[in-house]
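A quick write-up on the structure given underneath.
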Amino acid sequence: MAELGFVGLGVMGSSVVRRLLDADHTVTVWNRTREKAEPLLEAGARWADSPRAVAELSEIVFTMVTSTDAVRAVTEGPDGILAGLGAGKIYLDMSTASPANTRALAEQVAETGAQMLDAPVSGTSLTVDQGKASLMVGGEEDAFERARPVLEAIGRPVFHMGRNGSAVTMKIAINLSLAVQMLAFSEGVLLAEKSGIAREAAVEAILGSVIASPMVVYRGPRVLGHPDEVWFDCRMMQKDMNLALELGRELEVPLPTTAVTNELLTAANGIGIGEKDFAVLFDVLAAMSGVRTEVLA
């Protein structure tokens, strides 16, 4: 069993830590607010007082934070992860952040004698809990092989995508489709509903059709009544869409459906529902269609 560290205990990060604890790994954790760590400490995780301390105590130290700026905040400075790395260690970032920053950070990690992998998770906290999330990994082959058994405790399959930055690029490419699919699903439901078909019947028919992707299957039913649990809120989704649009401009790949969907996420934020799961794209489109929903009633 490995000595692991984990920095960033949001919904997804906490689910990953539980998987690692269930696999009998020793996990040292840090979060900006200790309160979020308490359930994990009760489950057997150990607390450290800084990201640096987590890195010093760990063979492999993970981060899963909200943005590129948040990655910098926990890696840089005298109390940051970089200051606690050394030869033989692996720093593994699971955040969805800038690929360019990931590559630059990998160079800084190499200067400490450690190696870096970027390894974002494709899925939700629910799929992580079930062991059904997939992981993509960027970085050197030898570091990937060393980390693979630990990663497979989190989810399978685990894909090695290539050099540093390639995995987070793949995650961005996947995530743009999540919101685009949700918007297309919403269009279909609303078209059926306004023609006189009950919303429940429309959702059931779509979920039984050829367009019922795994994402549509687990998120689509939320248009029938939004639960309080938020898997991935609009603001976080828009952060990923903006990363995709930035990459599209850089690589000269037009992303028309991404751009349109991003505007509806802007609308969700603007009308005050940005903290809700991005399934509320349905509610934004419903409002534009003259259909009232419980979220915007």
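The values are calculated or read from the model by the stated rules, or taken from the named source; none is laboratory data. Bear in mind the structure is a predicted one, so any value in this text is a computation, not a measurement. Note that each Cβ is placed from the backbone with ideal geometry, even for glycine, and that neighbours are counted across all protein chains shown. The protein model used for the area step is the full one, side chains on, heavy atoms only, and it has no ligands, DNA or RNA in it. Shrake-Rupley method; radii C 1.70, N 1.55, O 1.52, S 1.80 Å.
Considering only protein heavy atoms and a probe of 1.4 Å, how much of the accessible area of segment 1-116 is carbon and sulfur, as a whole percent?
47 percent
Radius of gyration and Dmax for the chain's Cα atoms, expressed in Å?
Here Rg and the maximum Cα pair distance are 20.0, 65 Å.
Go ahead and set up a Gaussian network model of the chain, Cα springs under 10 Å, then flag whichever of Gly123, Gly138, Gly188 fluctuates most.
Checking each option, the largest mean-square fluctuation is seen for Gly188.
So how do 243-255, 170-182, 282-294 stack up, highest first, on mean other-Cβ count within 10 Å?
By packing density, highest mean first, the sequence is 170-182, 282-294, 243-255.
Going through the DSSP H helices of the chain, which span 30 Å or more along their own axis at the Cα atoms while scoring at least 0.0 as a mean Kyte-Doolittle hydropathy?
Span-like helices here: 166-194.
Hey, can you grab everything whose amide H is under 5 Å from the amide H of Thr28? Only 5+ residues off in sequence or another chain; H modelled, so Pro and N-termini drop out.
Here Leu4, Gly5, Phe6, Arg46 satisfy the definition.
Considering amide H positions built from the backbone, and no H for Pro or chain starts, which residues 5 or more places from Ser98, or on another chain, come under 5 Å of its amide H?
Here the answer is Thr68, since their amide H atoms fall under 5 Å of that of Ser98.
From Cα pairs below 8 angstrom and at least 6 apart in sequence, can you work out the relative contact order of the chain, rounded to a whole percent?
Relative contact order, the chain: 13 percent.
Multiply the residue gap between Ser213 and Glu200 by 0.36 nm, knock off their C-alpha separation, and tell me the result in nm, one decimal place. Walk me through the numbers on the way to the answer.
Numbers: separation 13, 0.36 × 13 = 4.68 nm, distance 1.80 nm.
This chain segment gains 2.9 nm when fully extended.
Please report the antiparallel percentage of DSSP beta bridges with both residues in segment 58-174, rounded to the nearest 5.
20 percent
Give me, ordered by chain and number, the residues 5 or more places off Gly162 or on other chains with an amide H under 5 Å from its own placed amide H.
The answer is Gly139.
Using only the Cα atoms of segment 138-297, what are the Rg and Dmax in Å?
When restricted to Cα atoms, segment 138-297 yields Rg and Dmax of 17.8, 58 Å.
Let me have the 222 nm mean residue ellipticity of the chain computed from DSSP H runs of 4+ only, each contributing -39500 (n - 2.57), with the sum over all residues rounded to the nearest 500.
After summing the helix terms and dividing by the residues of the chain, the value is -15500 deg cm²/dmol.
For segment 252-297 and segment 169-186, what is the separation of their Cα centres, given in Å?
If you average the Cα positions of each part, the centres end up 13 Å apart.
Quickly work out the Trp47-to-Ala87 label distance, labels modelled 7 Å from Cα along the C-beta direction, and quote it in nm with one decimal.
Between Ala87 and Trp47, the label points sit 3.5 nm apart.
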